[in-house]
Each structure stands twice: as structure tokens, then as C-alpha cells.
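A short reminder: the numbers here are calculations on the coordinates, not readings from a lab. Because the structure is a prediction, the values reported are computed rather than measured. Here the Cβ positions follow ideal geometry from the backbone for every residue, glycine too, while neighbour counts run over all protein chains shown.
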Amino acid sequence: MAFATAFDSLAADYDRSFTTSSIGSKMRSAVWRRMDKAFHAGDRVLELNCGTGEDAVHLGGRGVRVLATDSSPEMLALTRAKVERAGLAAMADITHLAIEDLAAHGPLHSFDGVLSNFGGLNCVEDLSAVARGLAALIRPGGRALLCVMGPAVPWEWAWFLFHGQPRKAVRRLRRQGAPWRGHTIRYPSIGRVRRAFAPHFVQHHVSAVGALLPPTFAESWAALHPRMLAGLDRVERRVEAVWPLPWLADHFLIELERVR
């Protein structure tokens with residue numbers, strides 16, 4: 001719950017600064033391509049750190065029932081309003097729930113899958129505890145799609161070194177995590193996430209979200225180079241699962257399957 005206030009302060013500007021930005025919208029589309037293959041009409045999906053509800057609306061519009069959760073009341077208020085404007089209130093339940101409190105949620109095996117998009121799990125210290133909580137909620141054979149900020153991002157190294165900020169360039173590599181608004185953000189590797197979710201889940205697929213695409217703090221550059229950005233996106237989508245791109249991306253999307 002400690003992060004709730006920090007994300008409350010971001011809520012009002014989040015869609016402008018990320019959701020509708022040229023880089024952010026391409027990153028989300030990359031996740032949706034995989035999400036649409038994993039979740040289908042009639043499925044019931046648990047969404048962690050739902051933010052302003054963009055993914056909940058997308059899933060609901062495809063006939064997927066969603067329990068959208070977040071620890072931030074301001075984010076949940078925006079999600080509720082967005083879902084209602086889309087006429088999808090019957091497809092999305094909205095609940096105040098921190099990721100760390102998953103173990104208290106039930107009943108068992110009540111979801112066909114789980115989605116955590118754009119770094120919610122980077123705010124969690126104990127990923128193994130999250131895995132145990134989800135194992136009690138996801139049916140055998142169900143999918144977990146987790147979009148996590150990774151530790152090694154050449155785009156970020158180059159950008160911050162060029163701007164004379166070497167400490168920011170290596171912040172993700174710090175073993176203890178990086179400070180942010182009085183909290184700690186951690187940047188686990190793909191292998192660490194995979195190990196934390198074993199033996200309850202096995203890795204099914206992993207892809208890059210922002211390896212050739214720059215991180216969203218380069219939005220000012222992207223706005224001046226829309227054709228280059230589009231070209232980078234096209235190439236990234238073709239090779240998103242090819243080593244080493246997922247290991248060198250702003251985010252990696254790891255897809256896991258609940259052990260039968």
C-alpha cells in the first residue's frame with residue numbers, strides 16, 4: 001500500500017504522459033498483440049496495477065471479463081470512469097487491492113489468467129509471494145502475462161550518458177534497487193522472474209517491449225522523428241522474441257502458464 005500515494009499523484013497526467021504518447025501507445029499495442037492471443041471472449045482475467053483502465057477497456061471490448069485492481073484510489077477512479085464511458089461496466093469489476101495482498105483474495109482457481117502491465121511488479125519486493133498468491137487464484141493451464149521493467153537498457157545508458165547523467169544511466173543495475181518518490185523500484189531479470197514463479201508457473205514465451213523503441217522519456221525526440229519511430233516499431237515487432245532483445249528492453253513481457 002506504500003506506493004498508493006505516489007501513484008495517486010501521477011494519475012491525472014498518466015494518460016497524457018504515457019497512454020496516448022507516441023512511444024507509450026506503441027508499447028501498449030505490442031502487449032495487446034500477445035494479450036489478444038492469450039485471453040479470449042468468455043475468459044475471466046485478474047488485472048493487477050490496472051492504472052487508468054486502458055487494458056481493462058480493451059479486454060472488456062473483446063468479451064473478456066476483468067477484475068481490475070490497483071492500490072491507488074485515484075487510478076481506480078479514472079478506471080471506473082473510463083469503463084463507464086465505454087459502456088463496459090458489465091464486463092469489468094473494479095476493486096482496491098494491492099499486489100502484496102493477493103493471498104487474501106479468493107475463491108481458489110477463479111480466474112483464467114492474470115495481467116500485470118508496465119512495471120507493477122517492479123514495485124514488489126517478494127515476487128515469490130506474488131507467485132504463490134496467484135497460484136491460488138489462476139486455474140491450471142491459465143496464463144500470466146507480466147510486463148516488467150528489465151535491468152539492462154542500452155537506450156537508457158546512451159541517453160543518460162549523452163545528457164551527462166551517469167548515475168541515472170546505471171540505476172537499474174543496482175542490486176538494492178533504485179529510489180523513487182521515497183520508495184524502491186526493483187529491476188528483476190527475466191531469469192529472476194521465471195525462478196520466482198516456479199514451480200507454480202512455467203515460462204511459455206518472452207518478448208521485448210521497448211528494445212529498439214526508446215524509453216518514454218525520449219518522447220520529445222520521438223515527436224520529431226515519427227517515421228523513424230514507426231520503422232523501429234515495425235522491426236521490433238518482427239524480432240521481439242529473438243535473443244537478446246527481451247534481455248535489453250525497457251520492459252520485457254514474460255508469459256507464464258499455470259502448472260496443471
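Tabulated data for the structure shown
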{"quantity": "Gyration tensor (alpha-carbon) shape descriptor, the chain, a/c threshold 1.5", "calculated": "rounded"}
{"quantity": "Calculated [θ] (222 nm, deg cm²/dmol) that DSSP helices of n ≥ 4 give over the chain, each run adding -39,500 (n - 2.57)", "calculated": "-11000 deg cm²/dmol"}
{"quantity": "Residue among V45, V31, V170 with the largest mean-square fluctuation in a Gaussian network model of the chain, springs linking Cα atoms under 10 Å", "calculated": "V170"}
{"quantity": "Point-charge dipole on Cβ atoms (K/R +1, D/E -1) for region 1-105, about Cα centre, debye to 20", "calculated": "560"}
{"quantity": "Set of aspartates and glutamates near K37 by C-alpha distance (under 12 Å), chain-local residues within fewer than 8 positions excluded", "calculated": "E255"}
{"quantity": "Cα gyration tensor, region 2-79 - rounded (a/c under 1.5), prolate or oblate", "calculated": "oblate"}
{"quantity": "13 Å Cα-Cα reach of K82 towards aspartates and glutamates, excluding residues that sit fewer than 8 places from it in its own chain", "calculated": "D15, E54, D55, E74, D93"}
{"quantity": "More than 17 Å apart - percent of Cα-Cα pairs taken over region 162-260", "calculated": "63"}
